[in-house]
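Working notes for the structure below.
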Amino acid sequence: MRHLRSVWLFIGLILAYTTLLSAQNEFKYSYMPKKVYENQLFAVTIIAPGESGKSNPQFTFDTSSEIQPLFKKPLTVQNGPDSFYTFYFKASNVDIRIPRLFISSEYGEASLDSNTIFIKTIKQRDDFCQVLAADMKIKNSQVSNYDEKSHIVTLSIEAFEANLEDMQLNDVQEAGVENLKRNNAKVEAEFYVVLPLEEKVLKFTYFNTIKKQYVFLEVPVVVADASVTTQSDLNPKEDSFEKLKKYTFIFLVGFFLFMFLLKRDFFYLVFGVVSIITLLTFYIPHKKICVKQGASLYILPTQTSTVSTKIDQTLDTMLLGERKGFQKVEYKEGIIGWVKNEDLCDN
């Protein structure tokens with residue numbers, strides 16, 4: 001009888017442990033929005049309480065559904081004993097149904113029911129750029145001459161949970177999004193727009209999905225020295241930082257030579273010579289290259305970039321910069337762009 005009790009006690013402990021283990025590793029949605037805006041990028045998060053990220057679960061949304069996450073692999077975050085797995089979806093203009101989710105882990109197979117998320121609209125504005133984001137900022141900008149009547153403004157944008165691919169502006173001659181890169185919630189892209197010369201400021205709004213309101217963004221449209229102004233490395237000839245470095249080394253050369261004459265210490269002479277050599281590198285003339293007649297001049301150094309113009313005749317010009325597969329050149333006064341390596345003259 002005593003042995004029978006021990007067996008039942010052992011079985012009970014196993015069942016209790018199994019139940020506890022199952023409860024600790026029960027997958028469920030920790031965040032599923034009820035409503036989202038049209039074209040909004042949104043997150044759906046699954047929690048595995050007590051899972052500790054050791055089981056390496058595999059997630060598969062019902063493949064018969066057209067609705068699928070932007071990335072098959074979720075963003076994984078560990079918080080104490082709990083694991084959170086986040087997928088990102090993009091809404092359209094109709095209610096979206098998140099398909100059934102199948103989960104496979106070392107604890108067994110599980111599934112989560114499908115869910116319907118309703119679409120709501122926002123009141124449109126004339127200055128709305130069609131981007132909805134949890135946050136959006138302009139990292140840097142450049143302005144250059146496009147033609148005799150227009151400037152081209154290129155913005156390097158960083159945003160989170162944003163549909164940057166849909167960005168557009170009303171009443172502009174030309175605009176587009178290029179070089180878009182997405183990493184889960186974070187997205188970066190280059191946005192260019194062609195504006196009349198008389199436009200001095202570019203203003204627009206995006207809709208902040210956290211604040212649930214429009215947020216203004218603006219950049220000045222000014223071409224410095226009738227050429228190019230930039231805060232990035234896309235099209236610079238010489239920015240203010242370059243000038244600052246030159247002035248700094250000019251000062252260092254003077255300082256070290258003065259200290260050498262004053263102290264007669266060889267230490268100062270060595271540093272003075274090093275500063276002179278470094279300063280001279282800033283004045284080395286640009287390499288010259290030859291561009292074939294008919295070559296396309298691209299706005300950005302990407303394969304999908306828009307062509308701003310064509311080189312009407314063989315062009316001998318200075319090399320202003322290099323990117324993989326592209327060379328940066330000045331075609332005409334203030335008109336700077338990128339040509340492919342294949343469009344360079346044969347030596």
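Per residue, how many Å² of accessible area does the range 23-110 show with a 1.4 Å probe?
Values: 4870 Å² over 88 residues.
That works out to 55 Å² per residue.
How large are Rg and Dmax for the range 44-128 when calculated on the C-alpha trace, in angstrom?
For the range 44-128, the Cα-based Rg and Dmax read 15.7, 53 Å.
Assuming 0.36 nm per residue, please report the length gained on full extension of the stretch Lys212 to Cys290 beyond their Cα-Cα distance.
On the way: separation 78, 0.36 × 78 = 28.08 nm, distance 5.25 nm.
Full extension from Lys212 to Cys290 adds 22.8 nm.
Note the full-extension length gain between Ser111 and Val274 as 0.36 nm times their separation in residues minus their Cα-Cα distance, in nm to one decimal. Spell out each step's value before the answer.
On the way: separation 163, 0.36 × 163 = 58.68 nm, distance 6.72 nm.
Gain on extension, Ser111 to Val274, equals 52.0 nm.
Please compute the modelled spin-label separation between Lys139 and Thr63, points set 7 Å along Cα→Cβ, answer in nm with one decimal.
Taking the simple label geometry, Thr63 and Lys139 are separated by 3.6 nm.
Which whole-Hz couplings ³J(HN,Hα) result when phi for each residue of the range 98-113 is put into the Karplus expression 6.51 cos²θ - 1.76 cosθ + 1.60, θ = phi - 60°, listed in order with x for Gly and Pro?
Result, rounded to whole Hz: 5, x, 4, 10, 9, 10, 10, 9, 5, 8, x, 9, 8, 8, 10, 5.
Suppose we keep just the alpha-carbon trace of the range 291-347; what are its Rg and Dmax in angstrom?
According to the Cα coordinates of the range 291-347, Rg and Dmax are 10.0, 28 Å.
Taking Cα pairs under 8 Å and at least six residues apart, what relative contact order does the range 130-227 come out at, in percent? Let's see the in-between values first.
On the way: 219 pairs, mean separation 29.1, N = 98.
The value is 30 percent.
Once amide H atoms are built 1.01 Å from N in the peptide plane, which residues 5 or more positions from Phe128, or in another chain, come under 5 Å H to H?
Amide H to amide H, under 5 Å and 5 or more residues apart or across chains, Phe128 pairs with Thr205.
In Å², and per residue, what accessible area does the range 127-200 have when probed at 1.4 Å with the other protein chains present?
For the range 127-200, the per-residue accessible area is 41 Å².
Would you pull out the residues with amide H under 5 Å of Glu38's amide H, same chain only if 5 or more places away, H placed 1.01 Å from N?
Answer set, sorted by chain and number: Lys120, Ile122.
State log₁₀ I(q)/I(0) for the range 150-224 at q = 0.17, 0.19, 0.25, 0.26 Å⁻¹ as given by the Debye formula over alpha-carbon point scatterers of equal weight, solvent excluded.
-0.70, -0.85, -1.27, -1.33
Note the full-extension length gain between Lys203 and Asn93 as 0.36 nm times their separation in residues minus their Cα-Cα distance, in nm to one decimal.
On the way: separation 110, 0.36 × 110 = 39.60 nm, distance 2.63 nm.
Here the answer is 37.0 nm.
Would you calculate the separation in nanometres between label points at Arg125 and Arg323, each defined as 7 Å from the Cα along the Cα-to-beta-carbon direction?
3.0 nm
Go through Ile276, Ile119 and list them by solvent-accessible area, largest first, probe radius 1.4 Å. All intermediate terms of the calculation are to be shown ahead of the outcome.
On the way: Ile276 65, Ile119 35 Å².
So, going from the largest accessible area down, we get Ile276, Ile119.
Return the loop-located GluC sites (Glu not before Pro) in the range 89-174 (DSSP other than H, G, I, E, B) with at most 14 other Cβ atoms within 10 Å of their own Cβ; answer none if there are none. If you can, show how the numbers build up before the last one.
On the way: sites: Glu106, Glu109, Glu148, Glu158, Glu161, Glu165, Glu174; in loops: Glu106, Glu148, Glu161.
When the GluC sites (Glu not before Pro) of the range 89-174 are filtered for loop state and at most 14 Cβ neighbours within 10 Å, Glu106, Glu148 remain.
Heavy-atom accessible area of Thr314 with all protein chains present, probe 1.4 Å, nearest 10 Å²?
80 Å²
Give, to the nearest whole percent, the P(r) tail of the range 247-320 beyond 18 angstrom, counting all Cα pairs.
Numbers: 1664 of 2701 pairs.
Result for the distance tail: 62 percent.
Taking the simple approach of a point 7 Å from Cα along Cα-to-Cβ for both Lys72 and Val172, what is their distance in nm?
Roughly 3.5 nm, to one decimal.
Can you give me the long-range amide H partners of Asp95? Hydrogens built in the peptide plane at 1.01 Å from N, cutoff under 5 Å, separation of 5 or more residues or another chain.
Amide H to amide H, under 5 Å and 5 or more residues apart or across chains, Asp95 pairs with Ile119.
The values are calculated or read from the model by the stated rules, or taken from the named source; none is laboratory data. Here the structure is a predicted model, which is why all the values come from computation and not from measurement. Cβ sites come from the backbone with ideal geometry, for glycine too, and all protein chains shown count toward neighbours. Please note that ligands, DNA and RNA were not included when accessible areas were found on the heavy atoms of the full protein model with its side chains. Shrake-Rupley method; radii C 1.70, N 1.55, O 1.52, S 1.80 Å.
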